[in-house]
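One structure is given here, and the rest of the page talks about it.
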Amino acid sequence: MNRGSRGLSTSDMRTLRTLLGRYAARYHLAGPEKNDLIERTFQALASNPDIFFEIPVEKAAAETMHRIYTGR
């Protein structure tokens, strides 16, 4: 589904990484493990920016991070 989406701006990326950092705290991870979860989630979301047209950003971030954390 292409709705004329654009890439993520620098501001979008910074905001998304901040949000992911807060969500990663839910899993009680620290250091490299936390950073890896944030990076893997960020990459998954950035590779599919159309998801943000389908569901709210917060829900997309939380669901994607949970899927990655649980290995699904």
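A short reminder: the numbers here are calculations on the coordinates, not readings from a lab. None of the values given here were measured: they were computed from a predicted structure. Glycine also receives a Cβ, built like all others from the backbone with ideal geometry; neighbour counts cover every protein chain displayed.
Couple of notes before you dig in:
- Rule-of-thumb Rg ratio for the chain [Cα; 2.2 N^0.38 Å; N residues]: 1.08
- Angle between the chain longest axis and helix 57-70 axis [Cα atoms, degrees, rounded to 10]: 50 degrees
- Gain in span if fully extended, Arg67 to His28, counting 0.36 nm per residue against the direct Cα distance: 12.4 nm
- Considering only Ala30, Ala61, Ala46, the mean-square fluctuation computed in a Gaussian network model of the chain, springs between alpha carbons under 10 angstrom, is largest for Ala30.
- Highest GNM mean-square fluctuation among Ala25, Ala62, Ala44, for the chain modelled with Cα contacts below 10 Å: Ala25.
- Rounded tilt (10° steps) of 31-46 against the dominant C-alpha axis of the chain: 20 degrees
- Sites Thr10 and Asp50 - FRET efficiency at Förster radius 22 Å, r taken between beta-carbons, to 0.05: 0.65
- CD proxy at 222 nm, helix term only [per DSSP H run n ≥ 4: -39500 (n - 2.57); per residue of the chain; nearest 500]: -21000 deg cm²/dmol
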